[in-house]
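Visitor: Mind having a look at this structure? Questions to follow.
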Amino acid sequence: MTRVIFHIGAPKSGTTHIQTLLWKNKRVLASDGVYLPGRRQVDQFNIGRDIRQKPLIDDHPHGDWSGSFERAAVAFERSGKETLVLTDERLASARPDAIERAVERVGGDVEVVYGMRDFASVLTSSWQERVKDVVNKPFPVWLGRMRKHNVQDYFWMMHDAPAVLERWSLGWSLPVSVLALPGQGSPPEELWRR
């Protein structure tokens, strides 16, 4: 029986660290029967976009992602490996129909891993990321918007942990592991050990 691990985030919970370690150890993992699809990390993000059925954007720097999930699933089946790992923190925002399709397509024993950290840190680091990328709103204004807790808002689709876990467990029928981010000052390898 194959094993499939969906590492779904959440953003700002050590996902980049985990993804970097996975990619640095891709050959070692492969020798242990673990298949990490893609030639580069961005390929995993494209698989995540495809799972979430994100519309293509003309001239997107990551290229055309349509069909990338199916290609990854086929490549895994042909690889002879026992475990498939898919990792993209934006997967936490996937809608139930997309999750059901993905889980049904890969089959096997599916596990979901969701990372969390203290919420005050999530808020401040998410705001800083937004300021860096697109939004130039003062923190109190941005925080006021977050307090409205619109469950359809992209932020809450990824960070409303009970809702994310319920969606990804398909109504609690799949196992979900919560990976707690170690506290400040912890050695970097602590997250990987967990």
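The values are calculated or read from the model by the stated rules, or taken from the named source; none is laboratory data. Note that the structure is predicted; figures quoted are calculated from it, not measured. Neighbour counts are summed over all protein chains in view; Cβ atoms, including those assigned to glycine, are modelled from backbone coordinates with ideal geometry. The protein model used for the area step is the full one, side chains on, heavy atoms only, and it has no ligands, DNA or RNA in it. Shrake-Rupley method; radii C 1.70, N 1.55, O 1.52, S 1.80 Å.
Visitor: Looking at Ala98, is it within 16 Å of the chain's Cα centre (by Cα) and open to solvent by less than 60 Å² (accessible area, probe 1.4 Å)?
Guide: yes
Visitor: If we keep just the residues of region 172-191 that are of a type in the set (S, T, N, Q) and over 18 Å from Ser121 (Cα atoms), which is surrounded by the fewest Cβ atoms within 10 Å (Cβ to Cβ)?
Guide: This residue is Ser173.
Visitor: Among the residues of region 72-91, count how many are surrounded by fewer than 19 Cβ atoms within 10 Å (Cβ to Cβ) and of a type in the set (Asp, Glu).
Guide: Total satisfying the criteria: 2.
Visitor: Still on this structure, I have one more. Among the residues in region 101-121, are any surrounded by 12 or more Cβ atoms within 10 Å (Cβ to Cβ), among the aliphatic types (A, V, I, L, M) and free of Cβ contacts under 8 Å to residues at least 60 places away in the same chain?
Guide: Looking for residues that are surrounded by 12 or more Cβ atoms within 10 Å (Cβ to Cβ), among the aliphatic types (A, V, I, L, M) and free of Cβ contacts under 8 Å to residues at least 60 places away in the same chain, one finds none in region 101-121, hence no.
Visitor: Still on this structure, please answer the following. Which of (1) out of contact with any strand residue (DSSP E or B) (no Cβ under 6 Å at 6 or more places or on another chain); (2) part of a loop (DSSP other than H, G, I, E, B); (3) at negative phi does Leu174 not meet, given it meets every other one?
Guide: Every condition holds for Leu174 apart from (1).
Visitor: Whether any residue in region 135-151 is under 29 Å from Val4 (Cβ atoms) and either in contact (Cβ under 8 Å) with a residue 24 or more places away in the chain or surrounded by 12 or more Cβ atoms within 10 Å (Cβ to Cβ) (or both) is what I want to check.
Guide: No, because not a single residue in region 135-151 is under 29 Å from Val4 (Cβ atoms) and either in contact (Cβ under 8 Å) with a residue 24 or more places away in the chain or surrounded by 12 or more Cβ atoms within 10 Å (Cβ to Cβ) (or both).
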